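Asks: What follows is a single structure, and I will ask about it in a moment.
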């Protein structure tokens, strides 16, 4: 029986999921800052807010891709680290800021991260179960 060929791993930063996450994490803070500047005249919308949104989107995407790579090694480890960091960041956000825009920003970001971590966890468990099934289906060589 021929051995299964291993699929080549693509670089984890250049796939559809990472590009989609980057765009979503760019839109959410930009919308937050824009809506905040429209309702509160003292809060400007400028280069600083755009730079923060870019930095936030890149760091959040890189972090989630890192937890995804951790989930390939240990599915529980990646998910637990992702949830712990999400909880810490949400706590820090709500300690520093309060209001309807902050709550909306925090909730949307948390939902996006939870959906990504949940899907990644389920995929990692399925791959782990598939690998175990393939291991026991192989015939021993003589």
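Asks: Compute the length gained on full extension between residue 127 and residue 45: take 0.36 nm times their separation in residues and subtract their Cα-Cα distance, giving the result in nm to one decimal.
Replies: Result for the pair: 25.1 nm of gain on full extension.
Asks: Also: Please work out whether the range 16-137 counts as rounded, prolate or oblate from its C-alpha gyration tensor, where a ≥ b ≥ c are the square roots of the eigenvalues and a/c under 1.5 means rounded, while otherwise a/b larger than b/c means prolate and anything else oblate?
Replies: Because a/c hits 1.5 or more and a/b exceeds b/c, the range 16-137 counts as prolate.
Asks: Among 33-42, 55-64, how do they line up by average Cβ neighbours within 10 Å per residue, starting with the highest?
Replies: Result, highest mean first: 55-64, 33-42.
Asks: A further question on this structure: Going by how many other Cβ atoms sit within 10 Å of their own, how do 65, 20 line up, fewest first?
Replies: If I rank by nearby Cβ atoms, fewest first, I get 20, 65.
Asks: Taking the beta-carbon count within 10 Å as an exposure proxy, list 111, 24 from fewest neighbours to most.
Replies: 111, 24
Asks: With label points built 7 Å along Cα→Cβ from the Cα atoms of residue 27 and residue 104, find their separation and express it in nm.
Replies: Placing both labels 7 Å along Cα→Cβ, they lie 1.5 nm apart.
Laboratory data are not the source of any read-out in this text; all were calculated from the coordinates shown. Note that this is a predicted model, so its numbers are computed, not measured. Cβ sites come from the backbone with ideal geometry, for glycine too, and all protein chains shown count toward neighbours.
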